[in-house]
Amino acid sequence: MNTIVSPRPAPAEAPDDAALVERARAGDRPALDVLLTRHLDAVYDLAFRLLGDRDLAQDAAQDAFVNAVRGLQRFRGEASFRTWLLRIAANAARSHARRRGRRREVGISALWDRPGDAPDPAERAAMRSEAERVERAIAALPEKQRLAVTLRLYQGLDYAAVATIIGSTEGAARVNYHHGIKRLREMLQ
Amino acid sequence: MNRLTCESVRDELPTLLAGACAPADAAAINAHLAVCPECRAEADFITRLRRFSVAAPPELALRVRAATVQRPRRWAFPARPALAAAAALLIALGVLRLLGTGPDQIAVTAPADADALLPLPTGALPGADGILAGSVVLESLTDDELALLLAEMES
């Protein structure tokens, strides 16, 4: 597998989150919609990783966005909007988890279903099987390791942002990430 | 990025694989990966994991948009229904007083032959279900008019 990666090309012109937040605060609904769409996958992903249930993750994601929109005037920009929103999402997901009680078994089957990535049925079946193994392994990690790994790998957040979201120091976020990766390698060898 | 250790390279692998590294940092990390099989194995493993991200179901975007629509500002007193009922009663009292009927003649529920008793203007008649027309008038008040009415009620 080739691991040599090219640096990111210059980003296309698009309003950054800070500009969109200012517009959304002034009542610009299209700006708010861009923000919601931009972070939808990240919020859902975080809720799913915490809850292990697609329906509950949707409920938690919806709550997170509603809470964020209500609190938008209080957003001070001390962290990025994405970090602030994901922290709200983590709180919403934990709230749902408390209401539900025990953590349920992760519903894996519909996690990976992107025909475009593997048009061949046999290849798709293999990918689904691999997706299930990966997701079960991630779901088996302790919560902070699970969040540190997924926020770092799938959301591209730095350790400071991960620490803000999981409620730890930056050093602890780094340790959680590396321990999580080590355990995943052991489980998926 | 100066002389890289395996630890610092592994710290930055997710950033590199997301294509978010600065060009100089990406070049330095790639140079390290070319000569360090352990870090290369970790980069391969992370690449494998990154294939399986979770995307939000399409219907979630619609749900979120619908849930975050800002509704127009409305009066939101805790006892709004009670206040509305009291205000409706006051309006009805005023209407009846204007028409020369005394308080002792007021009935909240309209009599069956109300039309025959009093030739009231259409807009002030109680409805067939007993709800006073004043409550409909209240809904059409402006914020200022409603504030004035509530102030009068308090006094």
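Tell me, please, whether a residue that is over 30 Å from A:Val34 (Cα atoms), at pLDDT 80 or above and out of contact with any helix residue (DSSP H, G or I) (no Cβ under 9 Å at 6 or more places or on another chain) can be found in the stretch A:89-98. Walk me through it before giving the result.
The first filter runs over the stretch A:89-98 and keeps only residues over 30 Å from A:Val34 (Cα atoms), leaving A:98.
Within this subset, residues satisfying the condition of being at pLDDT 80 or above are A:98.
Narrowing further to those that are out of contact with any helix residue (DSSP H, G or I) (no Cβ under 9 Å at 6 or more places or on another chain): A:98.
Yes, the stretch A:89-98 contains a residue that is over 30 Å from A:Val34 (Cα atoms), at pLDDT 80 or above and out of contact with any helix residue (DSSP H, G or I) (no Cβ under 9 Å at 6 or more places or on another chain).
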Looking at (1) within 11 Å of chain B (Cβ to nearest Cβ); (2) touching a Ser or Thr at 6+ places or on another chain (Cβ under 8 Å), find the lone condition where A:Lys144 falls short. (1)
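Among the helices (runs of 4 or more DSSP H) contained in the stretch A:17-90, which hold 3 or more residues that are over 17 Å from the mean Cα position of the chain (by Cα) and of a type in the set (A, V, I, L, M, F, W, C)?
The qualifying helices (runs of 4 or more DSSP H) are A:17-25, A:29-51.
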Enumeration of residues in the stretch B:58-72 that are more than 7 Å from chain A (Cβ to nearest Cβ) and modelled with pLDDT of 90 or more: B:Pro58, B:Glu59, B:Leu62, B:Ala66
So in the stretch A:168-189, with the set limited to residues that are touching a helix residue (DSSP H, G or I) at 6+ places or on another chain (Cβ under 8 Å) and not in a helix (DSSP H, G or I), which one is surrounded by the most Cβ atoms within 10 Å (Cβ to Cβ)? A:Ser168
Reported set for the stretch A:134-166 where residues are in contact (Cβ under 8 Å) with a residue 40 or more places away in the chain, under 13 Å from A:Asp45 (Cβ atoms) and assigned to a loop (DSSP other than H, G, I, E, B) is A:Tyr154, A:Gln155, A:Leu157
Counting only residues in the stretch B:5-32 that are hydroxyl-bearing (Ser, Thr, Tyr) and more than 8 Å from chain A (Cβ to nearest Cβ), the one farthest from A:Asn176 (Cα to Cα) is identified as B:Thr5
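In the stretch A:176-185, how many are away from chain B (no Cβ under 11 Å) and more than 18 Å from the chain's Cα centre (by Cα)?
The first filter runs over the stretch A:176-185 and keeps only residues away from chain B (no Cβ under 11 Å), leaving A:176, A:179, A:183.
Checking which are more than 18 Å from the chain's Cα centre (by Cα) leaves us with A:179, A:183.
Number of matching residues: 2.
The values are calculated or read from the model by the stated rules, or taken from the named source; none is laboratory data. Because the structure is predicted, anything quoted here is derived from the model rather than measured. Virtual Cβ from ideal backbone geometry, glycine too; neighbours counted across all protein chains shown.
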